[in-house]
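Below: one structure, written as structure tokens.
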Amino acid sequence: MVLPDLGNAAFEGFATVISMLNVWQILKDKEVKGVSAWPTIGFTMWGIWNLFYYPFLGQTYSAIAAGGMITVNATWLYLYWKYTRGTNKNFHRNPESFFRPR
């Protein structure tokens, strides 16, 4: 089962690299506009599930790649929170505003 594991890990690794483009863009722009945090939250939760599921299937390389994807998604979510929390003056009274598209 090494070949399917390596193939899946390659896709996860590619997804990690292209997701880094979103992180770099936020770092460059120092702002977030026109996106919602929900998709990234969903994919992060899926990645956490994969950390359990891939080893169960014996797919070590895929589990490692999933860890990379979780790290990138968590970084993006942190930056999203960092750059959007000050744009809503009601953020502390209305924390669900974190999830509205900017």
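FYI, it's all coordinate maths here, none of it is from the lab. Worth saying up front: this structure is predicted, and the values here are computed from it rather than measured. Heads up, the Cβs are rebuilt from the backbone with ideal geometry, glycines too, and the neighbour counts pull from every protein chain shown.
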Quiz prompt | Cα-projected label distance for K82 with V2, points at 7 Å along beta-carbon direction, nm | solution = 4.0 nm
Quiz item: Under a 5 Å amide H to amide H cut-off, with H placed in plane at 1.01 Å, what residues pair with V35 once short-range neighbours are removed?
Solution: R102
Exercise. Take each of the peptides 63-74, 29-40, 6-17, average the number of other beta-carbon atoms within 10 Å over its residues, and list them starting from the highest.
Key: 63-74, 6-17, 29-40
Exercise. Tabulate in residue order the Karplus-calculated ³J(HN,Hα) for the stretch 21-35, using 6.51 cos²θ - 1.76 cosθ + 1.60 with θ = phi - 60°, rounded to whole Hz; enter x for Gly and Pro.
Key: 4, 5, 5, 4, 5, 5, 4, 6, 7, 6, 7, 10, 9, x, 9
